[in-house]
Ligand SMILES: [Zn+2]
């Protein structure tokens, strides 16, 4: 017999509204727009001394804090070779070919990713969750899945295993 335990957390608070634009097909760049993203997370692993895979409340609160850090922000890719982010005093000036945008720094989050696709955002959420578990010296799960919906019925899913 093989058994495996997972916990899944999906809350109304795991929603963030954010602006972005992505590059695609080599030389295309979307117009600035936004989404009401919705996320869920699952972690799997052996049961601990409390017979938990992971403490639901800790998972909920840590994930909610990460989600909140993206809410009502402009999401910018910090590792794109096509979209460039320039420091312009209180603003980030963002350029793509001859186009440019300027955003107050405090309204942006620059993420260590090459494109703000839903796939890479889901991955960033998961890696950030693992980093925060590490910081809090929580036991890492053996597997994790982050689900991120950018529009009704359009989900990206990132699976990780230790
Ligand atoms: Zn979009």
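All of the numbers you see were taken from the coordinates with simple rules; none came from a lab. These figures come from a predicted structure and were not determined experimentally. For neighbour counting, all protein chains shown are included, and Cβ atoms are generated from backbone atoms with ideal geometry for every residue, glycine included.
Between residue 10 and residue 98, the FRET efficiency from the beta-carbon distance, with R0 = 30 Å, is close to 0.10.
In region 28-105, the inverse of the mean reciprocal separation of distinct Cα atoms equals 16.0 Å; this is its Kirkwood hydrodynamic radius. Across region 1-93, the relative contact order, built from alpha-carbon pairs under 8 Å that are at least six residues apart, equals 34 percent.
Assuming 0.36 nm per residue, please report the length gained on full extension of the stretch residue 52 to residue 28 beyond their Cα-Cα distance.
Details: separation 24, 0.36 × 24 = 8.64 nm, distance 4.66 nm.
Full extension of this stretch gives 4.0 nm more.
Listing 20, 84, 147 from the residue with the fewest other Cβ atoms within 10 Å to the one with the most, what is the order? Show your work: numbers first, answer last.
Values: 20 22, 84 13, 147 19.
So the ranking, lowest neighbour count to highest, is 84, 147, 20.
Put simply, region 1-65 fits an ellipsoid with semi-axes of 35, 16, 8 Å; these come from the alpha carbon gyration tensor as the roots of five times its eigenvalues, largest first.
A simple spin-label model places pseudo-atoms 7 Å from Cα toward Cβ; at residue 1 and residue 71 they are separated by 4.3 nm. Take the alpha carbon atoms of region 14-29, find their center, do the same for region 63-93, and report the distance between the two centers in whole angstrom. Answer, in whole Å: 11.
Modelled this way, with points 7 Å down the Cα-to-C-beta line, the labels at residue 159 and residue 143 are 0.7 nm from one another. Based on DSSP H runs of at least 4 residues, each adding -39500 (n - 2.57), what is the mean residue ellipticity at 222 nm of the chain after dividing by all its residues, to the nearest 500 deg cm²/dmol? Value at 222 nm, helices only, nearest 500: -6500 deg cm²/dmol. The per residue volume of the convex hull around the alpha-carbon atoms of the chain is 136 Å³.
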